[in-house]
Amino acid sequence: MKDLLKKAAIVGIYQTAQTRAFGRRSSEMFIEVVKGVLDDAGMSVKEVDGLIGPNPLATEGEARGFPSTAFSEFFGTHIRYTQQTPAGTQTGSMGVLHAVEAVAAGLAQAVIVPNVGGREGPGVVGRDEWESPYGLPRVAYYGMMARKHMAEYGTTSAQLARVAVIARKHAALNPAAVMHSRGPITVEDVLDSRMIYDPLHLLDCCIVNEGAGAVLVTTAERARSLKHKPVHVLGLAESFAIMDLYNVPSLTATDGRGTGQDAFAMAGVSHADIDVAQISDHFTINPIIELEDLGFCKKGDGGPYVESGVLELGGKMPMNTNGGYLSHSHSGGPGIYDIIELVRQLRGEAGARQVRNASVGLFHGVGGMFNSAHTAILARE
Amino acid sequence: MTQYQKPLPEPSSLTQPFWDGVKQHKLLVQKCSSCSKLRHTPKPLCPHCLSQEFTWAPLSGQGQLYSYTVMHRSPAPSFDGDLPYVVALVELKEGIRMISNLVHCPLDKVRVGMPVKVVYEDVTKEASIFKFAPA
Ligand SMILES: [Zn+2]
């Protein structure tokens with residue numbers, strides 16, 4: 001499978017300014033990322049024959065039901081391959097992996113994967129009759145996950161806070177991060193911030209912001225004559241097992257156990273080979289659970305692991321070098337920014353936050369309330 | 001008496017018997033007629049044996065606090081007056097878990113694993129909801 005996947009390459013990445021202010025039209029951001037990602041790669045839109053994701057330009061009449069056909073018309077190209085990949089915040093990143101599969105299989109020559117994120121709707125009280133009478137927004141589940149992890153493994157608030165501190169340290173080195181200008185924070189800053197869903201403080205929660213991004217995938221052959229060194233996906237896996245959190249075997253373990261194992265096996269690399277990682281961090285508890293599930297530390301040891309220094313720039317495997325969802329961006333399907341950041345690192349274009357000689361990167365993301373999980377291992381050629 | 005402002009359950013035809021049970025101060029869950037396994041929330045088929053036949057079985061109402069979060073920000077103005085309040089994931093003796101609120105318990109006494117029991121609140125003439133309290 002690895003040899004098949006290597007027939008495709010990620011050749012273009014682009015993101016708009018990520019901003020705390022809202023107000024740009026999604027159609028305008030969409031046009032910007034489509035043009036931007038083509039320019040980054042050095043490809044013409046005429047070569048694009050695949051679209052995975054939304055088309056905010058297709059809002060009227062018949063076009064609403066045929067976003068890919070409308071894409072052909074708006075951009076003067078001919079889409080012959082399309083699909084939708086709804087997976088919450090991981091919709092965009094999963095789309096990139098599916099684009100790699102499609103190109104590797106010869107089903108498309110060049111697939112564009114856009115992500116556009118504007119203002120979220122007004123706070124919704126629960127999803128239905130099981131939650132709304134009790135006053136919990138769905139994200140409050142993460143407070144329960146953190147509390148359970150504390151009860152089972154002795155994880156502390158200071159350990160949770162460390163995840164936010166690492167994200168901000170890296171964001172402070174990334175001018176594109178929403179929280180860049182706020183500068184670094186300390187564990188005390190996190191613990192002193194307002195309590196939201198106890199034990200999660202305000203700074204344990206991801207930011208809310210606007211922005212868009214896109215990734216372009218084409219054949220390894222075409223990639224040879226493009227602007228940048230291509231990045232390949234060596235291994236990938238995804239899982240959709242859990243919808244109802246009432247019925248999960250554990251509140252402190254996710255599908256990542258399976259997807260991690262499968263992705264490592266497919267890629268033929270080991271944990272020690274990973275130079276840089278993007279681990280979805282909607283809340284500070286998430287990377288702790290995800291790193292355990294992926295096998296970077298024992299189940300329950302995620303707290304001490306995030307305190308060990310391994311995950312910070314200068315450490316053995318820096319994590320969320322762009323600042324993560326906590327400090328870089330959480331707009332739309334922010335998993336796409338994880339892929340974009342890994343590609344930057346593997347190209348050696350990450351500036352002040354560059355991980356030296358980064359050649360293999362790992363991405364792991366969960367969508368919704370751990371409703372989906374996927375892992376990918378990327379490498380430069 | 002002021003009107004009850006918080007969201008009330010809006011049952012579907014599948015979930016109506018559960019909320020009718022709560023109205024009678026009972027916790028009823030689906031029991032598969034083929035393999036006898038219990039399930040919740042209500043689903044049209046059994047995930048273990050795919051049977052679509054089921055009956056409604058009463059639970060003991062006793063269990064433990066599987067996990068919880070203390071809400072310091074409310075999702076709607078109708079909950080503002082309750083802040084801070086406890087959202088609980090309760091595991092009943094029968095293995096079924098339910099989201100609810102933990103009530104009648106000082107915040108500094110809330111612990112993962114504490115024994116809890118169901119209590120009912122008749123919040124309007126038509127609707128009742130279930131909550132949990134220390135056992
Ligand atoms: Zn059954």
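The values are calculated or read from the model by the stated rules, or taken from the named source; none is laboratory data. Computed from a predicted structure; not experimentally measured. Note that we place each Cβ from the backbone using ideal geometry, even for glycine, and neighbour counts take in every protein chain shown. Just the protein is used for accessible areas: all its heavy atoms, side chains included, with ligands, DNA and RNA removed. Shrake-Rupley method; radii C 1.70, N 1.55, O 1.52, S 1.80 Å.
So which residues in the stretch A:69-87 are modelled with pLDDT of 90 or more and either over 19 Å from A:Gly106 (Cα atoms) or of a type in the set (Phe, Trp, Tyr) (or both), if there are any at all? The answer is A:Thr69, A:Ala70, A:Phe71, A:Ser72, A:Glu73, A:Phe74, A:Phe75, A:Gly76, A:Tyr81.
Within the stretch A:14-25, the presence of a residue that is surrounded by 15 or more Cβ atoms within 10 Å (Cβ to Cβ), in a helix (DSSP H, G or I) and either within 24 Å of the chain's Cα centre (by Cα) or of a type outside the set (A, V, I, L, M, F, W, C) (or both) is excluded. Among the residues that make up the stretch B:4-21, is at least one of them in a strand (DSSP E or B) and away from chain A (no Cβ under 12 Å)? Scanning the stretch B:4-21 turns up no residue that is in a strand (DSSP E or B) and away from chain A (no Cβ under 12 Å). Per the listing B:Pro7, B:Pro17, B:Pro42, the residue uniquely open to solvent by less than 60 Å² (accessible area, probe 1.4 Å), away from the ligand (no atom under 16 Å from the Cβ) and at pLDDT below 95 is B:Pro7. For the residues A:Ala140, A:Ala151, A:Ala146, the requirement of being within 14 Å of another protein chain (Cβ to nearest Cβ), more than 24 Å from the chain's Cα centre (by Cα) and either outside any helix (DSSP H, G or I) or small (Gly, Ala, Ser) (or both) singles out A:Ala151.
Evaluating A:Val34 against the criteria (1) assigned to a helix (DSSP H, G or I); (2) at pLDDT below 95 leaves one unmet condition, (2). Among the residues of the stretch B:125-132, none qualifies, meaning not one is open to solvent by 40 Å² or more (accessible area, probe 1.4 Å) and either within 10 Å of chain A (Cβ to nearest Cβ) or hydrophobic (A, V, I, L, M, F, W, C) (or both).
The one condition from (1) within 9 Å of another protein chain (Cβ to nearest Cβ); (2) touching a strand residue (DSSP E or B) at 6+ places or on another chain (Cβ under 9 Å) that B:Ser78 does not meet is (2).
Filtering the stretch B:45-89 to residues that are within 9 Å of the ligand (Cβ to nearest atom) and buried (at least 19 other Cβ atoms within 10 Å of the Cβ) leaves B:Cys46, B:Phe54.
When A:Asp189, A:Asp255 are checked against the criterion of being farther than 27 Å from A:Ala17 by Cβ and among the acidic types (Asp, Glu), A:Asp255 stands alone in meeting it. Of the candidates A:Ile185, A:Ile166, the single residue that is surrounded by fewer than 24 Cβ atoms within 10 Å (Cβ to Cβ) and more than 17 Å from A:Ile339 (Cα to Cα) is A:Ile185. Mind checking whether some residue in the stretch A:251-261 is touching a Phe, Trp or Tyr at 6+ places or on another chain (Cβ under 6 Å), of a type outside the set (A, V, I, L, M) and either crowded, with 24+ Cβ neighbours inside 10 Å or closer than 23 Å to B:Tyr68 by Cα (or both)? Yes.
Number of residues in the stretch B:95-118 that are surrounded by fewer than 18 Cβ atoms within 10 Å (Cβ to Cβ), in a strand (DSSP E or B) and within 12 Å of chain A (Cβ to nearest Cβ) equals 0. Contact map, the stretch B:30-41: residues that are away from chain A (no Cβ under 13 Å) and among the polar types (S, T, N, Q) paired with residues that are open to solvent by 70 Å² or more (accessible area, probe 1.4 Å) and within 9 Å of the ligand (Cβ to nearest atom), Cβ distance under 7 Å, separation 6+ or inter-chain. Pairs shown: B:Ser33/B:Glu53; B:Ser34/B:Glu53. Where strands (runs of 3 or more DSSP E) fall wholly inside the stretch A:188-268, the ranges with 2 or more residues that are without any contact (Cβ under 8 Å) to a residue 60 or more places away in the chain are A:195-198.
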